[in-house]
Amino acid sequence: QVQLVESGGGLVQPGGSLRLSCAASGFTFRLYAMNWYRQAPGKERELVATIGSAAGVTNYVDSAKDRFTISRDNLRNTVYLQMNNLKFEDTAMYYCNTRYRGVQYWGQGTQVTVSS
């Protein structure tokens, strides 16, 4: 079955960096777009970044542009989110996501906390 497992979250100071990883299994990873979402307490889940399959086209939420980079390693079935210059408002649970056979799949999430 489809499984997405995030890692790499943690506590970081403003201006710091983290790299999140999402290990995927249960489907032909290279054929599917991958996404990163985040959800802070009391707020709606927000699409942060997406990366396409073949062409690998990327898109970002405005607040993440110029700070975050999504990438993928199709040989390792892993998608990454490099987060630089982190801000307080980046604090959230970050989720890996894909749509496979018309169904949305989610990882368990990894917590990112930006605090001084």
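The values are calculated or read from the model by the stated rules, or taken from the named source; none is laboratory data. Treat the numbers as computed from the prediction; the structure is a model and nothing was measured. So basically every Cβ, Gly included, is an ideal-geometry build from the backbone, and we count neighbours across all protein chains shown. Side chains are part of the model used for accessible areas, which takes the heavy atoms of the whole protein and leaves out ligands, DNA and RNA. Shrake-Rupley method; radii C 1.70, N 1.55, O 1.52, S 1.80 Å.
Here are some notes:
- With Cα atoms defining each centre, the range 77-116 and the range 13-29 are spaced 7 Å apart in the structure.
- Share of carbon and sulfur in the accessible heavy-atom surface of the chain [1.4 Å probe, %]: 46
- Other residues within the sphere of radius under 12 Å centred on the Cβ of Gly15, judged by their own Cβ, net out at +1 (K and R +1, D and E -1).
- Subtracting the Cα-Cα distance of Ala23 and Leu11 from their residue separation scaled by 0.36 nm leaves 2.2 nm.
- Legend: P(r) of the range 57-116 from all alpha carbon pair distances, 10 Å bins from 0, whole percents, reading 18, 48, 29, 4, 0.
- Quarter of Cα convex hull surface for the chain, i.e. mean projection, nm²: 6.8
- Solvent exposure of the chain, expressed per residue, is 55 Å² of accessible area, with all protein chains present and a 1.4 angstrom probe.
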